[in-house]
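Let me begin by presenting the structure, written as structure tokens, before commenting on it.
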Amino acid sequence: MPEKFIKTVVLRALNLLKLKQPVELAVLVLGQAEIRKLNKVWRKKNEVPGELSFGFNSRQMAVFAKSFPNVLSLGEIIINAEKISDKNYLSKILIHSLLHLLGYSHRRMESLENKVIKKLEI
């Protein structure tokens, strides 16, 4: 999937969420073996997820964020490469993970997630 598409979805979603502060965010696309290993290490689940998200508050703060105190360090979105052939599905994964990194739980984010996806018009 093109890097430009991922950037466009994330930037448009942040704009729709009215987040004005600059953010630091990494999006990684990994194969099934790699994402399964991360899921097993960090979540103790031996299965292949569609995505994982890790906030920087769950690990040490990144060097970049320390250098730029006005930048909000969100964390990492890790996407299973086998599950992103459809742009609509990829958009949903990105929005879902982004909302998690912004602190939303599943209970609180479903309605907001659907609104953002609908407004993206991708």
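The values are calculated or read from the model by the stated rules, or taken from the named source; none is laboratory data. Keep in mind the model is a prediction, meaning the values are calculated, not measured. A quick note on method: Cβ atoms are made from the backbone with ideal geometry, for glycine too, and the neighbour counts reach across all protein chains shown.
Tabulated results
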item	result
Meets criteria (among the aliphatic types (A, V, I, L, M), within 23 Å of residue 4 (Cα to Cα), at pLDDT 90 or above and out of contact with any helix residue (DSSP H, G or I) (no Cβ under 9 Å at 6 or more places or on another chain)) for residue 26	yes
The stretch 109-122 - residue that is surrounded by fewer than 16 Cβ atoms within 10 Å (Cβ to Cβ) and not β-branched (Val, Ile, Thr) and, of those, nearest to residue 3 (Cα to Cα)	121
Pairs with Cβ under 8 Å, 6+ apart, first in the stretch 109-122 and part of a helix (DSSP H, G or I), second of a type in the set (Gly, Ala, Ser)	116/13; 117/91; 120/13; 120/91
The stretch 80-108, subset surrounded by fewer than 19 Cβ atoms within 10 Å (Cβ to Cβ) and among the hydroxyl-bearing types (Ser, Thr, Tyr), residue farthest from residue 25 (Cα to Cα)	85
Number of positions in the stretch 67-108 that are at pLDDT below 85, in contact with a helix residue (DSSP H, G or I) (Cβ under 8 Å, 6 or more places away or on another chain) and assigned to a helix (DSSP H, G or I)	1
Close pairs from the stretch 48-75: first within 17 Å of residue 102 (Cβ to Cβ), partner among the hydroxyl-bearing types (Ser, Thr, Tyr) and modelled with pLDDT of 90 or more, Cβ under 6 Å, at least 6 apart	51/97; 53/97
Selection status of residue 12, closer than 21 Å to residue 112 by Cα and modelled with pLDDT of 90 or more	yes
